[in-house]
Amino acid sequence: MPWCPKCKTEYREGFTVCADCGSELVAEEPGDSSDDEFSDDELQKKSREDTWEPEWDGDVPPDEESASSEDEESAGMGSEEASEATGEGDARRRRTGGSGLYQDSSERASDNRSSAWVLLGLGTVGLVVVVLGAAGILPLSMGNPYMFYGVMGAIFILFVVAGIVSMKNAKIFEKKAESENSLRQTLLDWCGENLRAEDIDAEVCAAGVSDEIAYFRRSSYIKEKLNHQFVNLNQGFLDQFIDDYIYDRIFGERVE
């Protein structure tokens, strides 16, 4: 039976041309896998479809991104040991004073008092010099004397005001230091009664744990206990308290 190679329509004997597209009929049914019915453009398009590859978002292909992620995991990224080592490093920096995360009130009071005396001294001496210059005792006239002495006087007055403010701040921090000292003593008394090195190590330090990991775990355990017992503690104050006061008192014989 005649067939149209394009329309795939079967005709009765006697027909030679397709009534729909005008193509010449063939004697046999065209094969489905034949490429003869495709034009050159259609064949190129078909070739591109056969070689299509999935697209991805971003600059890194999925395979490379996955490999990069696996490399990071193989390097120990995200493991518990790496996390503890990082935390231990932060705790050790606090212990050696390298982080400067917290400065207690007594130190701040001392700093403010020192600044106050410097500012008050400079301001007072400067004002005396300006007064003597304006009175003609010291030959300090430069250009317009009113502007010169006015500006210099204003600057030294600001020094005096800043010194007075720093002195007031020093007194405020001295009062806070008294409260901190009282709280510190309370924490020391509680730790002395409730925390034992053997009990802490039994909870957090398994056999074979390195000294650095043990240090971090012990400090974290003590911090957790104190936060549970005493609410609203300043965490910077607590870190300093553990590093400077309580850790060596509990584990002093175990620290090299």
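The values are calculated or read from the model by the stated rules, or taken from the named source; none is laboratory data. Quick caveat, the model's predicted, so the values are computed rather than measured. Positions of Cβ are generated from backbone atoms using ideal geometry, with glycine treated the same way; all protein chains shown enter the neighbour counts. Only protein heavy atoms, including side chains, enter the accessible area calculation; ligands, DNA and RNA are left aside. Shrake-Rupley method; radii C 1.70, N 1.55, O 1.52, S 1.80 Å.
Worth pointing out:
- Reported count of residues in region 194-208, each being in contact (Cβ under 8 Å) with a residue 24 or more places away in the chain and assigned to a helix (DSSP H, G or I), is 3.
- If only residues of region 209-243 that are without any contact (Cβ under 8 Å) to a residue 24 or more places away in the chain, out of contact with any Leu (no Cβ under 9 Å at 6 or more places or on another chain) and within 15 Å of residue 186 (Cα to Cα) are counted, the one that is least open to solvent (accessible area, probe 1.4 Å) is 231.
- Positions within region 137-159 being at pLDDT 80 or above and out of contact with any helix residue (DSSP H, G or I) (no Cβ under 6 Å at 6 or more places or on another chain), in sequence order: 137, 147, 148, 150, 151, 154, 155, 157, 158
- For residue 253, the conditions (1) at pLDDT below 90; (2) among the acidic types (Asp, Glu); (3) surrounded by 13 or more Cβ atoms within 10 Å (Cβ to Cβ) all hold with the exception of (3).
- Condition broken by residue 125, with the remaining ones in (1) assigned to a helix (DSSP H, G or I); (2) open to solvent by less than 70 Å² (accessible area, probe 1.4 Å); (3) more than 30 Å from residue 183 (Cβ to Cβ) satisfied: (2)
- Within region 107-122, considering residues that are of a type outside the set (A, V, I, L, M) and out of contact with any helix residue (DSSP H, G or I) (no Cβ under 7 Å at 6 or more places or on another chain), the one least open to solvent (accessible area, probe 1.4 Å): 121
- Tallying residues that are in a loop (DSSP other than H, G, I, E, B), of a type in the set (A, V, I, L, M) and either loosely packed, with under 14 Cβ neighbours inside 10 Å or in contact (Cβ under 8 Å) with a residue 12 or more places away in the chain (or both) within region 134-193 yields 4.
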